[in-house]
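Just so you know, all these numbers are worked out from the coordinates, no wet-lab data involved. Bear in mind the structure is a predicted one, so any value in this text is a computation, not a measurement. Positions of Cβ are generated from backbone atoms using ideal geometry, with glycine treated the same way; all protein chains shown enter the neighbour counts.
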Amino acid sequence: MQSKYRQINRFLEHIKAIENELPKDSINIYDLCCGKSYLSFAVYHYFVNVLKIRTYMVCVDLKGDVIDYCKTVAKKVGFSGMNFICADVSKYHLERKPDLVISLHACDLATDMVLDKASENGAKVILSTPCCHHELNKKIDCRELEFVTRHSMLRQKMCDALTDAMRILKLESKGYSVAALELIDPEDTPKNVMIRAIKREKPDKKAMEKSFAEYERVEKFLMGENKYGN
């Protein structure tokens, strides 16, 4: 739990760094694939009790028992602006346009669902820390990289980095300025990469098209006839 506390505390520091990109009076926040919502409660507390901003927050996850427990906790501590929904993130309809979308360690393709849902709905800021990059590891089919892929440990490490790089290209193609940052010391967790995406006020359409074309080239180079996520 000390490691989890440090991760959440560091996540809040990343939020503090992008405060100027967010509304100052009222804010809509979504935590997609929220799990037990440790991060959700901390983020809600920060905006409501520290920044004094009127906050509407929705936390979505597939596990009904966990969602029910979180509802009970939110009611107990008086966090009336928190809403917990049991749903598939890929199918969930966001009722309000998001200002901030967060996600901590959504597993494998769940991270892609979060990023897609957030960017499709025009979130101002997206902060996502991925987990368990299995999809590319299963589908990679690249003769030029066989000197790496024949070693399982190296294959996984390479696929971790390549997957997040592809995610960044995809977000850039949707008009975001994107960076890969370190969430916390690797000794606390090896899953310590944060993807930070900030919506550009005036996206460059040619740059967006270039990023998408690069994404498609990389996908074909790495997976041949396979498609990421399909």
Revision key, fill the gap. For residue 67, the lone unmet condition from (1) farther than 26 Å from residue 199 by Cβ; (2) out of contact with any strand residue (DSSP E or B) (no Cβ under 8 Å at 6 or more places or on another chain); (3) among the β-branched types (Val, Ile, Thr) is (2)
Point to revise | Any hit, region 7-26, residues being farther than 15 Å from residue 124 by Cβ, part of a helix (DSSP H, G or I) and touching a Ser or Thr at 6+ places or on another chain (Cβ under 9 Å) | key: yes
Review point. Touching a helix residue (DSSP H, G or I) at 6+ places or on another chain (Cβ under 8 Å), assigned to a loop (DSSP other than H, G, I, E, B), in contact (Cβ under 8 Å) with a residue 12 or more places away in the chain and of a type in the set (Lys, Arg), is that true of residue 174?
Key: yes
Exercise for review: Take the residues in region 112-124 that are in contact with an Asp or Glu (Cβ under 9 Å, 6 or more places away or on another chain) and not charged (D, E, K, R), then tell me which one is surrounded by the most Cβ atoms within 10 Å (Cβ to Cβ).
Suggested key: 123
Check your understanding: What pairs come up if the first residue lies in region 66-82 and is under 16 Å from residue 31 (Cβ atoms), the second is of a type in the set (Ser, Thr, Tyr) and not in a helix (DSSP H, G or I), and their beta carbons are under 7 Å apart, counting only those six or more places apart or on different chains?
Key -> 70/37; 81/55; 81/56
Practice item. Read through the list (1) over 30 Å from residue 13 (Cα atoms); (2) in contact with a Phe, Trp or Tyr (Cβ under 8 Å, 6 or more places away or on another chain), then give the number of the only condition that residue 214 fails. Key: (2)
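Within region 86-95, can one find any residue that is aromatic (Phe, Trp, Tyr) and closer than 26 Å to residue 8 by Cα? Steps first, please.
Looking only at region 86-95, we keep the residues that are aromatic (Phe, Trp, Tyr), and these are 92.
Filter once more, so that each one left must be closer than 26 Å to residue 8 by Cα: 92.
Yes, that holds for at least one residue.
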